Ligand code: ZN
């Protein structure tokens with residue numbers, strides 16, 4: 001108990017003061033002093049070299065902004081470094097940044113801690129490179145503006161914890177930004193496009209405390225609910241359980257309901273004990289008290305994962321349908337709500353009449369990510385092939401407070417609708433969070449790496465609102481090939 005108390009105290013310090021974490025996490029060097037191993041250059045052609053234990057960035061004419069990027073992704077961290085910059089050069093440190101083909105042809109974008117040698121003196125401010133522009137300038141911070149010293153080595157401390165990013169310039173507090181657009185990404189050293197060649201900026205002593213795992217308070221508690229399903233729940237529940245346990249983040253319990261012909265009155269899982277509920281259930285209605293307990297749990301900020309046929313459940317339970325946003329079968333039709341389509345890059349609600357829920361024969365299909373900044377999707381390829389599975393289509397429901405993370409194209413050649421059908425999405429309900437995956441008909445389909453990764457991340461997001469599983473697995477499926485485990 002003592003130890004736990006101490007640990008909680010450190011975590012509270014970590015979350016609320018940030019600066020008090022130094023004793024808790026080891027520093028890792030981001031630069032070995034000799035090579036650029038672990039770094040990769042993107043966008044412009046500025047020169048990056050190693051000289052005397054420093055990384056030297058040199059401007060080159062007629063080239064856009066250049067970025068030397070870490071290969072690794074970071075989420076929560078403290079980053080410290082020193083730099084020496086020639087007058088007139090603009091530069092900066094990217095954090096939580098990305099480069100995707102479908103975003104302006106690989107344009108590096110994300111938070112930049114500014115290095116600004118101009119009179120304005122906003123070094124240490126936060127600029128959203130390639131995206132929204134200034135997020136936190138230093139107009140009203142004269143002491144921070146005065147902290148940067150031209151022609152000297154300057155020291156930056158950058159703390160990114162949850163949705164808060166703070167900076168210090170030579171020990172003077174500069175930016176303090178709260179923003180939740182991007183939780184994870186690479187770190188990069190910018191050399192700005194320049195009208196003058198051979199201007200230099202040097203960096204040294206780059207070190208990081210990776211706090212991503214450390215900010216986990218304790219193991220998360222998950223409850224899988226099963227017992228009735230038109231699918232083989234006895235085979236899929238052990239896979240759902242194992243996948244969560246493999247992350248090292250969860251302890252998992254299972255609540256199995258009475259069977260289809262048995263009285264349901266005794267079925268009263270204590271939802272409030274858990275960080276996330278995973279539904280692998282579709283069948284008889286739960287007792288009113290159990291339904292009410294789930295609604296209350298979600299209103300109070302609970303987490304829920306809807307797995308494949310779980311969205312067939314409870315066609316007549318209003319709050320349930322709001323939680324899952326879309327469902328299928330069970331007599332659902334236009335009265336259940338619209339279908340949700342992704343057309344020309346936009347979400348469209350389609351009220352046309354017809355049954356809710358359908359799929360053609362099982363086949364392999366591509367999943368296309370539609371929200372690359374959502375923490376569940378961060379770093380995943382834009383398209384990956386999913387295992388031979390049912391492509392759920394024409395789902396209908398209230399469709400409120402939904403964020404579509406990924407779609408799948410239901411090809412008419414496979415008796416599909418010709419629409420981009422929602423495959424992975426999130427829903428906000430009360431203070432709660434729902435992750436909904438339509439994938440995973442049976443254990444064979446759940447071997448698909450794209451399924452596992454999104455389920456594991458989605459469950460963590462539903463539980464906490466964050467995703468600490470930032471690495472993209474090496475065996476992640478590609479656009480052409482579904483990888484199975
Ligand atoms: Zn199925």
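Only the coordinates and a few stated rules stand behind these numbers; no lab work does. Computed from a predicted model, the values in this text were never measured in an experiment. With ideal geometry, Cβ positions are generated from the backbone for all residues, glycine too; neighbour counts draw on all protein chains shown.
Quick notes on this one:
- Ranked 306, 165, criterion: other C-beta atoms within 10 Å, fewest first: 165, 306
- At 1.002 mPa s and 20 °C, Stokes D of the range 154-236 from Kirkwood alpha-carbon radius, µm² per second: 119
- Based on the convex hull around the alpha carbon atoms, the range 119-183 presents an average projected area of 4.7 nm².
- Packing-based ranking of 184-197, 231-244 yields 184-197, 231-244, ordered from highest to lowest mean Cβ neighbour count within 10 Å.
- Where N is the number of residues in the range 164-313, Cα Rg divided by 2.2 N^0.38 Å: 1.63
- With contacts taken as Cα pairs under 8 Å and at least 6 residues apart, the chain reaches a relative contact order of 13 percent.
- Based on C-alpha pairs under 8 angstrom that are at least 6 apart in sequence, the range 312-361 has a relative contact order of 34 percent.
- For the chain, the longest principal axis of the C-alpha atoms and the axis of helix 288-299 are separated by about 10°.
- When only alpha carbons of the range 330-372 are considered, Rg and Dmax amount to 12.9, 34 Å.
- Extent of the range 219-464 along its three principal axes (Cα atoms, max minus min coordinate, largest first): 46, 40, 32 Å.
- Taking Cα atoms only, the orientation of helix 2-16 departs from the longest principal axis of the chain by about 70 degrees.
- Approximate spin-label separation residue 474-residue 232, in nm, with each point projected 7 Å along Cα-to-Cβ: 3.1
- Rg and Dmax of the range 387-445, Cα atoms only, in Å: 12.7, 41
- Taking every Cα-Cα distance in the range 379-485 and sorting them into 10 Å bins starting at zero, the pair-distance distribution P(r) comes out as 14, 44, 35, 7, 0 percent.
- Direction-averaged projected area, Cα convex hull, the chain: 24.9 nm², rounded to one decimal.
- Diagonalising the gyration tensor over the Cα atoms of the range 360-416 and scaling each eigenvalue by 5 before taking the square root yields semi-axes of 21, 17, 8 Å, largest first.
- Value of relative contact order over the range 219-464, rounded to a whole percent, pairs C-alpha under 8 Å and six or more apart: 21
- R0 of 25 Å, Cβ-Cβ distance residue 207-residue 151: FRET efficiency to nearest 0.05: 0.60
- Computed from the C-alpha gyration tensor, the three semi-axes of the ellipsoid equivalent to the range 7-211 are 25, 19, 18 Å, from longest to shortest.
- Here the mean projected area of the convex hull built on the C-alpha positions of the range 283-342 is 4.7 nm².
- 0 to 90° range, to nearest 10: angle between helix 449-464 axis and the chain longest Cα axis: 80
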